[in-house]
Amino acid sequence: MKIVNFLDFETSSNTMAIVPEKMEDQRIGSRVLETNDEFVVPTAPLDIIKKSCHMFGSSFEGRREGAIQLIGVTRKHPILIDYHLSICFFPTTSPKSPNCFWISPLHVFHHEEFENFSTNVIFQNYQQLIVPISRNSFENQLYKATLLYNRYGQNIERIEKKTQLYRLNALEHKTPYLFSHKSKSIF
């Protein structure tokens, strides 16, 4: 499988999942699933998520605090990296666990129970991934991430509507412009 340098990799709206993978030197790296590609980054999934937060002007802790404020989660916080680019992930276990997968809820098409308390995730491009958590736990994480994404979007809409109303009100109170037109005859 292709290996991509950590410094060269950036999460995007095409990133579906970041999965822990043991490297040859026994360190934890990441297998990255994108809509049209799959490769390995020799860095732990949490470090990739943290770098992505920094790239978009925040810290992992800041994004975590945002999730707490917006949806009141207490553990396994979904991380909204960038709303406008649709980059959002949820962890399958504690983010500090070396077994934590990061899944983009925006790419999940379907999921179903699989053997040994696992979940088979089917992405929008019909690629499948077996995730080692129960279907109920997966659904709970998917719900929290979707709620976070939607709540953020609702806040943006609310603010945009207020801004539009303010602009309209400001325009309504202006006195009309009077135009005078001096006409010169060309004949």
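The values are calculated or read from the model by the stated rules, or taken from the named source; none is laboratory data. Note that the structure is a prediction, hence the values are computed from the model and not measured. Ideal geometry is used to build each Cβ from the backbone, glycine not excepted, and the neighbour counts take in all protein chains shown.
Can you find even one residue in region 160-174 that is farther than 20 Å from residue 33 by Cα, in a loop (DSSP other than H, G, I, E, B) and modelled with pLDDT under 95? Yes: one or more hits.
With respect to the conditions (1) surrounded by fewer than 21 Cβ atoms within 10 Å (Cβ to Cβ); (2) more than 14 Å from the chain's Cα centre (by Cα); (3) in contact (Cβ under 8 Å) with a residue 12 or more places away in the chain, residue 121 falls short on a single one, namely (1).
For region 1-16, the tally of residues that are in a strand (DSSP E or B) and under 24 Å from residue 108 (Cα atoms) stands at 2.
Here's the yes/no breakdown for (1) at pLDDT below 95; (2) assigned to a strand (DSSP E or B); (3) under 14 Å from the mean Cα position of the chain (by Cα):
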site	(1), (2), (3)
18	no, yes, yes
24	yes, no, no
33	no, yes, no
38	no, yes, no
65	no, no, no
69	no, no, no
77	no, no, yes
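Taking region 124-141 as the range and being crowded, with 16+ Cβ neighbours inside 10 Å and over 19 Å from residue 20 (Cα atoms) as the test, only 135 passes.
Filtered by the rule that a residue be under 18 Å from residue 107 (Cα atoms) and small (Gly, Ala, Ser), region 133-164 gives 137, 145, 153.
Each row is one residue, and each column tells you yes or no for (1) crowded, with 19+ Cβ neighbours inside 10 Å; (2) in contact (Cβ under 8 Å) with a residue 60 or more places away in the chain; (3) touching a Pro at 6+ places or on another chain (Cβ under 8 Å); (4) charged (D, E, K, R).
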position: 16; (1), (2), (3), (4): yes, yes, no, no
position: 19; (1), (2), (3), (4): yes, yes, yes, no
position: 29; (1), (2), (3), (4): yes, no, yes, no
position: 56; (1), (2), (3), (4): no, no, no, no
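Each row is one residue, and each column tells you yes or no for (1) closer than 23 Å to residue 58 by Cβ; (2) among the basic types (Lys, Arg).
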{"position": "86", "(1), (2)": "yes, no"}
{"position": "111", "(1), (2)": "no, no"}
{"position": "126", "(1), (2)": "no, no"}
{"position": "130", "(1), (2)": "no, no"}
{"position": "136", "(1), (2)": "no, no"}
{"position": "144", "(1), (2)": "yes, yes"}
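The requirement of being exposed (fewer than 14 other Cβ atoms within 10 Å of the Cβ), under 17 Å from residue 12 (Cβ atoms) and either at pLDDT 95 or above or not aliphatic (A, V, I, L, M) (or both) is satisfied by residue 84. In region 67-89, how many residues are of a type outside the set (A, V, I, L, M) and touching a Leu at 6+ places or on another chain (Cβ under 7 Å)? Going through region 67-89 one residue at a time, the tally reaches 3. If only residues of region 96-110 that are over 15 Å from the mean Cα position of the chain (by Cα) and of a type outside the set (S, T, N, Q) are counted, the one that is surrounded by the fewest Cβ atoms within 10 Å (Cβ to Cβ) is 96.
Residue pairs whose Cβ atoms lie under 8 Å apart, separated by 6 or more positions or on different chains, with the first residue in region 97-109 and without any contact (Cβ under 8 Å) to a residue 40 or more places away in the chain and the second buried (at least 22 other Cβ atoms within 10 Å of the Cβ) and not in a helix (DSSP H, G or I), are 108/121.
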